[in-house]
Amino acid sequence: MELRREYEELKKKIEYHSHLYYDLDAPELDDFEFDALTRKLKEIEAQHPEFVTETSFTQHVGGTASSRFEKVEHAVKMESLQDVFSLEEVREFDRRVRDEGIRPQYVVEAKIDGLSISLEYENGVFVRGSTRGDGLVGEDVTRNLAAIRDIPKTLPGAPEFLEVRGEVYMPRDAFIHLCEEQEVLGQKTFKNPRNAAAGSLRQKDSSVTAARGLSLFVFNLQQIRGRAITCHKDSLDYIAALGLPVSPRYRRFENIEDVIREIEDIGSVRGTLPYDIDGAVVKVDDFSQRQALGSTAKFPRWAVAFKYPPEEKESVLLDVDVSVGRTGVLTPTAVFDPILLAGTTVSRAILHNEDFIRQLGVGLGDTIRVRKAGDIIPEVVSVTKHAEGGHVFKMPDACPSCGAPVTRLEEEAALRCTNPECPAQALRNLVHFASRGAMDIDGMGPAVVRQLVEKGFVHNAADVYSLEKSQLLKLDKFKQKAAGNLLNAIEASKGANLDRLIFGLGIRNIGAKAALSLAERFRTMDALMAAGEDEISGIEGFGGIMAESLLDFFAKEGTKDLLERLRQAGVNMIFRGEEKTNIFLGKIFVVTGTLPSLSRAEAEELIVRNGGRASSSVSKKTSYVLAGEAAGSKLTKAQELGTPILDEAGFLRMLEEGGVQPEK
Ligand code: ZN
C-alpha cells in the first residue's frame, strides 16, 4: 500500500511538472530532474503493471511506445477541399454559391502545408487525437500529439465536448535542423516540411515526436457540445480564446474581389513566414448556409482551396560551390545573381549531383531557371541560354575539405571523398557513434560534435572518453551543469551493449540489426575480430557484401588501435545476454492454443523480453489474448470481455516496430 501511495504521489508530481513544461513553457525542473521522476514512475509500473491506468503520464507522453496505431472513426467527416489554381476559378466558386440564392460572407485563411489532424477535448481535457486518414477513419496518435508542446493538454473554461481540426506542421527552422541531423547520420532526409511533419507524427516512440519541434494551427471546429456557434469566424475566435493556436491569418469579407485581394496579399508574404503555406482557403462563413450548399461526393460546395503556383525566375550562374556533405558526398550548389522568389531573396540553389549537371549541360555564365515550390530549398530546373564559349561545369577530382582523391561509387550518382580521416567524415562518424541507436550519448548531437571537432578536442570515437570538463566549458552555451550532464552521459555509454558498439562504429553496410546478429553470434569484440570470412558470411541474413565490409573495417589501419583505446577507456566489449525493450510495458498477455511457428514458451519469452507480462488466465486486466489453433475457453472468455485478440502474425507485426524479435 505504501508503494501505491508513493506511485500516486509521483504521478501527480509528474503531471504538474509536465503541465508546466508542455502547456506553460515554464518548467521548474531541468530535463535531467524531470527524467529522473519519470524513470522512477516507469520502474514502479514495470513491477506493478496493475497500477497503470489510462491517465498515467507514461501512457501519454515520452518513452513508452504505442506499438501500432488504433483506428479512429471520425464522427464528423474530415473533408478535403477542392483545389483551384486560378483566381478566375475562385470567382466561379462565388458565382455558384450565389446561384443557390445565398448571400455569403467568406472567411479567407492561409493554408499551412502540414498534416491534418483532429483533437478532442472532454470537459477541457485533451482525450484523443487522430490523423485524418481517409477522412472517415484515421489513426489514433494521441500520445504523439500530446508530446507536441503547442497542443494544450487542458483548456480551462472549455465546454463539455469539443473537437477541432488542425494542421500539424514543422516550422522551417526545425525542418532545416532535422535535415542537417539526418544528413550527418547518413539517413534519408525528408523532402519537405510536410513529409517531415507526417513522418515525425507517426513515430512509435513519442519522445522522437517531442524532439522534432512540431507545431500546430487549428482551422476548424468539428463538433461542440455545451455551446452554440453559428459561423466559422466566431468559432475560430472562440477556439483562440480557449487557448488553442488558431490559423495565423483569417479574415472575413463580403465581396469576392476583396477575397481575391486577400489571396494575393497572403501570396506576397508567404516566403517571409517561418512556416510553409501552400495556398489560401476560402470558406462560406455561415454554418446554415454551408448546410444549404451541402457537399458533392468529393468536396463540400461551400469552400475552395486556392493553390499558389511554384515560382520560377531566371538568373545568371556565377559559380558552383562544392562542399563535402558530412557523409563524404560532394554536393554542388549553384550560386547566382540574387532574385526575389516567393517573397525571399535567393542566390543559391540545389544542383543535386554530377549527373544532373551533365544532363543540364550547365556551365558558368549560363542563364538558368530557378524554382521554389513546396520544398524550401530552391532548385535549378533548366538552362535557358548557354553562355557563349562556355563549357559544362566539371566537378573537382579532389575533396574540397581535405584534398584527398574522390571516387564515384558504382551504384551512386554521388562523388565521395575516400579519406577516412577527412574532417567532414570524422564528424559524421562521431555523430553516428553518439546517436540514439548506437552509444546513445544524450547531449552529444550534431551541433556539439561539430564544435568538438572544430576545436580539435575530438578526432575519433575513442577521444570522446578522454574529454575533460574544462574543454566542454569552452563550447557554446555550456555551463557547469550541461558539461556535467554530458560527462555523465559519456560515462554511462561505456556500459552500452556490444551490438550498440558494433553499430556505433559506423561500418559500411552494418546496420543495427546486423550488429545485433554479430554480437549474438560472437559474444565478444575479440571473437568478432578474429572471425574469418566463412564464419561471418555463414550468419543468416549476411550477404557477401556485409562480410566484406566487416573484414575491410577490421583490416583497416587504425581500427585495432581505436578499439584498443576504447577498451582502455572502459567501454564494454562483451555481449550481455538478451536485449530487452519496453514496447509492451504495462501490457498483460495470455497465450492460448497452438501457434503456427512459435511455441507458447517462446511467445511468452518474447512478451517478457519486450517488457510485458504473460498471464495464464483471462481477466478484465488482460490487454491481449494471443490465440492459435484449438484455442478453447480462454478465447471464448476474451470474446465475452471484448479483449483484443491477436494471431501470431499480428503479434509479430507488433514486434517489428522496435521490439526484440524471435530468433530467425
Ligand atoms: Zn575529404
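Would you calculate the convex hull of the Cα atoms in the stretch 508-664 and tell me its volume per residue in Å³?
Output value, Cα hull per residue: 119 Å³.
Which one of ALA334, PHE85, PRO104 has its Cα pushed farthest toward the positive end of the charge dipole of the chain, where Lys and Arg give +1 and Asp and Glu give -1 at the Cβ?
PRO104
For a distance above 50 Å, tell me the whole-number percent of Cα pairs in the chain that qualify.
22
Which order do the peptides 551-558, 241-248 take when ranked by the mean count of other beta-carbon atoms within 10 Å per residue, highest first?
Result, highest mean Cβ count within 10 Å first: 241-248, 551-558.
Could you state the orientation-averaged shadow area of the convex hull built on the Cα atoms of the stretch 63-122, in nm² to one decimal?
In nm², the orientation-averaged hull projection of the stretch 63-122 is 7.9.
Over all distinct alpha-carbon pairs, what is the Kirkwood Rh of the stretch 349-421 in angstrom?
Result for the stretch 349-421 stands at 13.9 Å.
List the cysteines in the chain whose Cβ has no other cysteine Cβ under 4.7 Å from it.
That list is CYS179, CYS231.
Normalising by the residue count of the stretch 338-462, find the relative contact order in percent from Cα pairs under 8 Å and 6+ residues apart.
Relative contact order for the stretch 338-462 comes out at 15 percent.
State to the nearest 20 debye the size of the charge dipole of the stretch 279-341 about its Cα centre, where the only charges are +1 on K and R beta carbons and -1 on D and E beta carbons.
600
Cut-off under 16 Å on the C-alpha distance; same-chain residues fewer than 8 positions from LYS479 excluded. Which lysines are left, in chain and number order?
LYS469
When the helices in the chain are scored as -39500 (n - 2.57) per DSSP H run of 4 or longer and the sum is shared across all residues, what 222 nm value do you end up with, to the nearest 500 deg cm²/dmol?
The helix-only estimate for the chain comes to -10500 deg cm²/dmol at 222 nm.
Evaluate the charge dipole of the stretch 192-301 about its Cα centre and quote only its size in Debye, nearest 20, assuming +1 on the Cβ of each Lys and Arg and -1 on the Cβ of each Asp and Glu.
Rounded to the nearest 20 debye, it is 540 debye.
Can you bin the stretch 581-627 into rounded, prolate or oblate? Criterion: square roots of the alpha carbon gyration tensor eigenvalues sorted a ≥ b ≥ c, rounded for a/c under 1.5, prolate for a/b above b/c, oblate for the rest.
Taking the square roots of the gyration eigenvalues as a ≥ b ≥ c, the stretch 581-627 is oblate.
Within straight cross-link reach of LYS394, meaning Cα distance under 24 Å, which lysines are found once same-chain residues fewer than 8 apart are removed?
Partners within reach: LYS385.
Under unit Cβ charges (Lys, Arg +1; Asp, Glu -1), what dipole magnitude, rounded to 20 debye, does the chain have relative to its Cα centre?
940
No value in this document is a laboratory result; all are computed from the given coordinates. Everything numeric here is computed off the predicted structure, so don't read it as measured data. Counting neighbours? That spans all protein chains shown, and the Cβs are built from the backbone with ideal geometry, glycine included.
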